[in-house]
Amino acid sequence: MKAKALVPLLAFLVLAGLFLYMLNQMNQGEYNPRDIPTEFIGKTAPAFSLPDLYEPGHMVSPANYKGKVWLLNVWGTWCPECWREHDYLMALQRRGVTIVGINWRDEAAEAKSMLARLGNPFERIAFDPDSQAVIEYGVYGAPETFLIDAEGIIRVKHAGGMSEQVWQEKFVPHLGG
Amino acid sequence: MMKALVIVFSLLLGGVALAANIEVYKFEDPAQEAIYKELISELRCLVCQNQNIADSNAELAQDMRAKTYDLVRQGMSKAEVGDFMAERYGDFVLYKPPFNAKTAVLWVGPFLIFVVAIWLMLRTIRARRAENETATIAEEQLSEAASLLEKDKDQ
């Protein structure tokens, strides 16, 4: 009788434990609902052609970077994480990494003033106020960074800020190929 | 107090009016308009993930509505637009995910659970019935019951 009375308690504890585990997994583990699996890995980077932020006559296009391994970084001055990762992008650029930016849903003047203050890690910046390229790349938040290889194939997609840890864990293993 | 309530309610209503204020797209072809309306109710907004892009006022949802409008106007069918979005945002963007290896459990699971539940129920009912049939009442218990009934009558 006594043992039977403990069954509901036990069931509760098991369920509570399961929920706690799932909560944790959803916040940072593999069940994170924000971590949407991308369809793009191993596929050709979608084409776009957008005016350069500084030089509206020049069109920025992934085709211009064929033969190069490069990063495509989606950012906006309205995105706090983009400010946070900016320093790290500067560091990557100093190491010789080619970074092309897509400035998303932004005012050109604000984007320029942010780069004037913090430095410009980008080789070119495609100005995309109407989310043209952003939708082509299945981007749903900023920042997002893609690694595109010499054949123009997307190797890595990272949603969220860049950091040394992310770089080492997610990007470096794909640099060789 | 009343005044405060009135203010609170009018503020709430103001919020509703703002939320309902989404852009209006014009179609020449009513069939395309119908496709567009179906699509925006079946595509998920990836920012506020439990809303479709028809209900969501997130900027991404606005962009996705604009893209959907463009594609439908270009003459794409409903399935083609769905594929276009799924290619970019994954099956997750579709509120009606396609049946494939990844989603099989999702589609078949409820029916499996239903079948198992029916089976369990039938088994329990049968077991109980068998128990009732084999159950016998001891002679003693019968006479005790009879005497109780007698007592009742006497009173």
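As a calculated quantity, the FRET efficiency between residue A:47 and residue B:107 at R0 = 35 Å, using C-beta atoms, amounts to about 0.50. Per residue of peptide B:42-50, the mean number of Cβ atoms on other chains within 10 Å of the residue Cβ is 2. Here the label points at residue A:130 and residue B:78, each 7 Å from Cα along the C-beta direction, are separated by 2.8 nm in the simple model.
Sorting B:90-98, B:27-35, B:113-121 by their mean Cβ neighbour count within 10 Å, with the most densely packed peptide first, gives B:90-98, B:27-35, B:113-121. Based on Cα contacts under 8 Å between residues 6+ apart, the range A:50-174 shows a relative contact order of 32 percent.
Sequentially through the range A:155-172, phi angles give Karplus couplings (6.51, -1.76, 1.60; θ = phi - 60°) of 9, 9, 10, 10, 9, x, x, 8, 7, 4, 5, 4, 4, 5, 7, 9, 9, 3 Hz, Gly and Pro residues having no value and appearing as x.
Dipole size of the range A:76-150 about its Cα centre, with +1 on Lys/Arg Cβ and -1 on Asp/Glu Cβ: approximately 360 debye, rounded to the nearest 20. How far, in degrees from 0 to 90, does helix A:80-94 lean away from the longest principal axis of the Cα atoms of chain A, to the nearest 10? Roughly 60 degrees between the two axes. DSSP assigns beta bridges within chain A; of those with both partners inside it, close to 55 percent run antiparallel. The modelled label-to-label distance between residue B:127 and residue B:58, using points 7 Å beyond Cα along the C-beta direction, is 4.7 nm. The C-alpha atoms of chain A define a longest principal axis, and helix A:108-118 lies at about 80 degrees to it. Close amide-amide hydrogen proximity is noted between residue A:130 and A:105, each under 5 Å apart and 5 or more residues distant or on a separate chain (H modeled in the peptide plane; Pro and chain starts excluded). With angles folded into 0 to 90 degrees, how steeply does helix A:2-28 sit against the dominant principal axis of chain A? Use alpha carbons for both and round to 10. Between the helix axis and the principal axis of chain A, the angle is about 0 degrees. Bridge orientation summary for the protein assembly as shown: considering DSSP beta bridges with both residues in this region, about 60 percent are antiparallel. Extending 7 Å from Cα along the Cβ direction at residue A:153 and again at residue B:50 yields two label points whose distance is 4.0 nm. Rounded to the nearest 20 debye, the dipole size of the protein assembly as shown about its Cα centre is 460 debye, using +1 on the Cβ of Lys and Arg and -1 on the Cβ of Asp and Glu. Placing +1 on the Cβ of every Lys and Arg and -1 on the Cβ of every Asp and Glu, with no other charges, gives chain A a dipole of roughly 660 debye about its Cα centre.
Rule-based calculations on the coordinates, nothing more; no lab input. Because the structure is a prediction, the values reported are computed rather than measured. Every residue, glycine as well, gets a Cβ built from its backbone with ideal geometry; the counts of neighbours run over all protein chains shown.
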